[in-house]
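The values are calculated or read from the model by the stated rules, or taken from the named source; none is laboratory data. The model shown is predicted, which means the values in this text are computed figures rather than measured ones. Cβ sites come from the backbone with ideal geometry, for glycine too, and all protein chains shown count toward neighbours.
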Amino acid sequence: MTKALPLAFEFSVALRFLREGRFQSLLIIVGVAAGVAVVAYISALVTGLQTNTLNKTLGAQAHIVISPPDERVAPAWPVAPGERHASDTQARAQRLRTIANWPAVDAAMSRRAGISAVSPMTAGAALARRGEATRAIALTGVDLARYDRIVNLREKLVAGSFRIGPGEAIVGKTLAEDLGVRVGDRITLSTDSRSDSVRINGMVDLGIKDLNRRVVIVPQRSAQSLLDLTGGATQIDLRVNDVWAAQALAASLARELPCKVESWQDVNTQLVTALNAQSISTTLIRSVVMVVVVLGIASVLVVSVVQKQREIGILRAMGAQRSQILRVFLIQGGMVGLLGSVLGTGIAVAMIKVFTTFVRGADGLPLFSITLPPETALQTMAMALAAGLLAAVAPARRAARMDPAQAIRM
Amino acid sequence: MGAELVQLSGIHKVYNAGQPNEIEVLHGLDLRIRQGEFAALIGPSGSGKSTLLNVLGLLERASAGEYVLAGQTVSALDDDGLTRLRRDTLGFVFQFHHLLPAFSAEENVTMPARVRDGVVTPQARARARELLDAVGLAHAMDRTPAQLSGGMQQRVAIARALMLQPALVLADEPTGNLDTASSNEVFGLMRRIHDEVGTSFLVVTHDPRLAGRCDRIIELVDGRIDRDGPTSVSASPSSST
């Protein structure tokens with residue numbers, strides 16, 4: 001006797017039953033496909049949307065910022081535990097201060113796993129002047145090459161060259177418009193105590209108008225001397241490998257360093273809330289569609305079990321075990337789920353193609369790129385297969401429980 | 001005659017036990033069938049023929065009494081054991097042929113082998129062709145049941161019942177749905193198989209002429225065996241309907 005493949009009987013009968021109920025099978029497979037397509041498409045769309053939003057937001061800011069701790073007023077009278085006392089203290093004004101021993105922090109961060117780039121910065125408020133025009137600016141002193149690794153500044157250069165030497169600066173393009181300057185012109189930067197003239201070497205578009213109106217990037221040494229913080233750094237920017245791990249990493253850094261450590265999530269709470277709301281909505285839609293798919297498959301299989309009552313009885317009379325009958329119907333459910341998911345994934349890919357082809361922004365470019373990652377596709381298929389099997393459980397048990405004598409009499 | 005194949009002692013069958021509509025269909029039946037018999041089971045409608053056949057065919061369990069089939073005590077077996085014993089010992093031919101409509105004639109005949117082995121081996125296929133040839137349907141083995149006449153379908157069902165070489169074939173009014181010519185043909189086929197291979201048959205029938213062509217007639221009335229004996233002894237077959 002040749003060795004049979006496992007479930008060979010069950011597969012052959014399940015397949016034949018599905019083929020026999022051609023129209024029914026087709027309907028439910030298309031139904032499953034529609035569900036799978038919706039889930040896959042929504043997942044791809046939301047993932048694309050979130051990636052796009054994150055890239056836009058995080059493109060212009062560090063994932064984690066380390067800065068000196070806020071200065072607090074020390075209590076004038078030590079308070080013993082359990083003791084209460086009333087006091088009214090005015091919060092201290094926060095001076096511009098350097099991070100204590102920042103080169104050591106810089107070196108430690110550069111060595112740490114999970115961090116892809118580190119850039120110390122000396123930044124503070126200043127004024128930019130040209131002739132009659134004066135603008136408040138954010139004076140940013142950095143090592144340009146290192147800062148570029150944090151925010152990809154080079155890609156955002158719209159005029160001039162990506163290079164700053166002593167006495168040179170890169171400015172936001174709106175600021176340049178406000179001051180009426182072009183590359184090569186000079187402006188005066190001044191703080192409370194000092195003032196210096198710099199030559200504009202390049203202009204950047206950071207994608208956010210408010211930033212473009214205020215940013216002035218100079219070598220770190222120039223900023224240190226203008227802000228009167230010789231040798232100091234007011235913050236250290238970090239870029240991490242996994243953006244969603246930034247918050248946890250920031251929390252652990254805050255425990256290790258005598259500094260204030262903020263992740264991008266802390267700074268953009270509204271964005272994080274919005275992204276979470278989106279994720280929850282997607283999960284909700286997926287769950288509802290999954291329930292609909294399960295109910296659809298189940299209802300078709302229930303009908304099929306009733307229709308096939310006599311055949312089930314015959315198979316039992318011929319010596320088919322209850323477990324074999326059970327598996328015949330489970331396999332039917334699984335097959336419907338699998339075929340539906342393959343078809344549905346195809347439909348989703350087509351819908352994504354349509355979206356990227358026809359939905360375009362004012363500039364004629366696609367609004368944002370969406371793709372169906374293979375793992376999402378596989379996940380959705382596995383879900384549909386599971387849905388099919390789950391849906392088949394009740395009808396299959398019913399079929400297996402059927403009394404053969406009664407089934408044949410029908 | 002061969003060894004004891006079927007031994008029923010004190011078989012009772014009660015439906016809806018403990019409920020207001022409780023009904024006892026078989027009242028303490030004793031019946032023996034030996035290897036190689038060709039017996040008819042007759043009796044009026046409602047006499048319990050189908051129930052007896054279901055009990056004999058392991059499709060239903062008796063409510064009380066002992067049933068030994070091919071040396072195995074049925075009440076000691078669980079559902080899987082019952083199914084295995086049924087598969088290895090019994091073949092069925094039903095009144096309404098009951099072929100699987102989604103499968104061809106040949107696939108219907110090989111189905112018992114597929115149920116048992118998972119696949120249809122070349123040997124099984126060869127046997128199915130042999131059987132289809134024996135029932136005169138070698139030319140029709142690729143047709144589906146819908147493409148066969150009633151008589152042809154019943155011949156396929158007989159071939160299927162014989163697929164795993166059962167010791168006993170239980171036929172529930174195998175000709176009840178056929179015209180006289182087809183009836184004679186189907187019955188003659190069973191007779192021939194019995195005479196050539198020695199398979200035992202128990203045929204439920206309403207037709208006295210067919211019963212008269214069996215070796216033994218068992219008559220059931222109101223759930224009891226009213227008459228049981230060789231055909232020659234049991235006078236005129238016309239008395240039983």
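Some observations on this one:
- Scanning region B:120-171 for residues that are among the polar types (S, T, N, Q), more than 11 Å from every other protein chain (Cβ to nearest Cβ) and more than 18 Å from B:Glu196 (Cβ to Cβ) returns B:Gln147, B:Ser149, B:Gln153, B:Gln154.
- Strands (runs of 3 or more DSSP E) within region B:153-231 that include 1 or more residues of a type outside the set (Phe, Trp, Tyr) and more than 14 Å from B:Ile42 (Cα to Cα): B:168-172, B:200-204
Matching residues to (1) more than 14 Å from chain A (Cβ to nearest Cβ); (2) out of contact with any Asp or Glu (no Cβ under 8 Å at 6 or more places or on another chain); (3) of a type outside the set (D, E, K, R):
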| site | (1), (2), (3) |
| --- | --- |
| B:Asp30 | yes, yes, no |
| B:Val55 | no, yes, yes |
| B:Ala64 | yes, yes, yes |
| B:Gln72 | yes, yes, yes |
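- Screening region B:76-119 for residues that are more than 9 Å from chain A (Cβ to nearest Cβ) and of a type in the set (Val, Ile, Thr) and picking the one that is nearest to A:Gln406 (Cα to Cα) gives B:Val93.
- Pairs with Cβ under 6 Å, 6+ apart, first in region A:383-394 and closer than 12 Å to A:Leu326 by Cβ, second among the aromatic types (Phe, Trp, Tyr) and assigned to a helix (DSSP H, G or I): A:Ala392/A:Phe329
- Any hit, region A:326-341, residues being touching an Asp or Glu at 6+ places or on another chain (Cβ under 6 Å), in a helix (DSSP H, G or I) and not aliphatic (A, V, I, L, M): yes
- Counting the residues of region A:304-339 that are closer than 16 Å to A:Arg19 by Cβ and away from chain B (no Cβ under 14 Å) gives 7.
- Filtered residues of region A:393-408 (kept if farther than 13 Å from A:Ala298 by Cβ and basic (Lys, Arg)): A:Arg401
- Hits in region B:70-104 - residues which are more than 21 Å from A:Gly21 (Cβ to Cβ) and of a type in the set (A, V, I, L, M, F, W, C): B:Ala70, B:Val74, B:Ala76, B:Leu77, B:Leu82, B:Leu85, B:Leu90, B:Phe92, B:Val93, B:Phe94
- Within region B:63-81, the only residue that satisfies the criterion of being within 28 Å of B:Gln154 (Cα to Cα) and crowded, with 19+ Cβ neighbours inside 10 Å is B:Leu69.
- Members of region B:215-227 that are out of contact with any Pro (no Cβ under 9 Å at 6 or more places or on another chain) and modelled with pLDDT under 90: B:Gly223, B:Arg224, B:Ile225, B:Asp226, B:Arg227
- Hits in region A:271-300 - residues which are aliphatic (A, V, I, L, M) and over 30 Å from A:Gln247 (Cα atoms): A:Val288, A:Val289, A:Met290, A:Val291, A:Val292, A:Val293, A:Val294, A:Leu295, A:Ile297, A:Ala298, A:Val300
- Screening the candidates B:Glu37, B:Glu60 for the property of being surrounded by fewer than 23 Cβ atoms within 10 Å (Cβ to Cβ), in contact (Cβ under 8 Å) with a residue 40 or more places away in the chain and touching an Asp or Glu at 6+ places or on another chain (Cβ under 7 Å) yields one hit, B:Glu37.
- Sole residue being outside any strand (DSSP E or B), surrounded by fewer than 16 Cβ atoms within 10 Å (Cβ to Cβ) and touching a Phe, Trp or Tyr at 6+ places or on another chain (Cβ under 7 Å), chosen from A:Arg163, A:Arg154: A:Arg154
- Count of region A:182-205 residues which are surrounded by fewer than 18 Cβ atoms within 10 Å (Cβ to Cβ), more than 14 Å from A:Arg135 (Cβ to Cβ) and of a type in the set (S, T, N, Q): 3
- Residue in region B:11-18 that is farther than 26 Å from B:Asp207 by Cα and within 14 Å of another protein chain (Cβ to nearest Cβ) present: yes
- Residue count, region A:185-205 (criterion: within 28 Å of A:Thr230 (Cα to Cα) and touching a Gly at 6+ places or on another chain (Cβ under 8 Å)): 10
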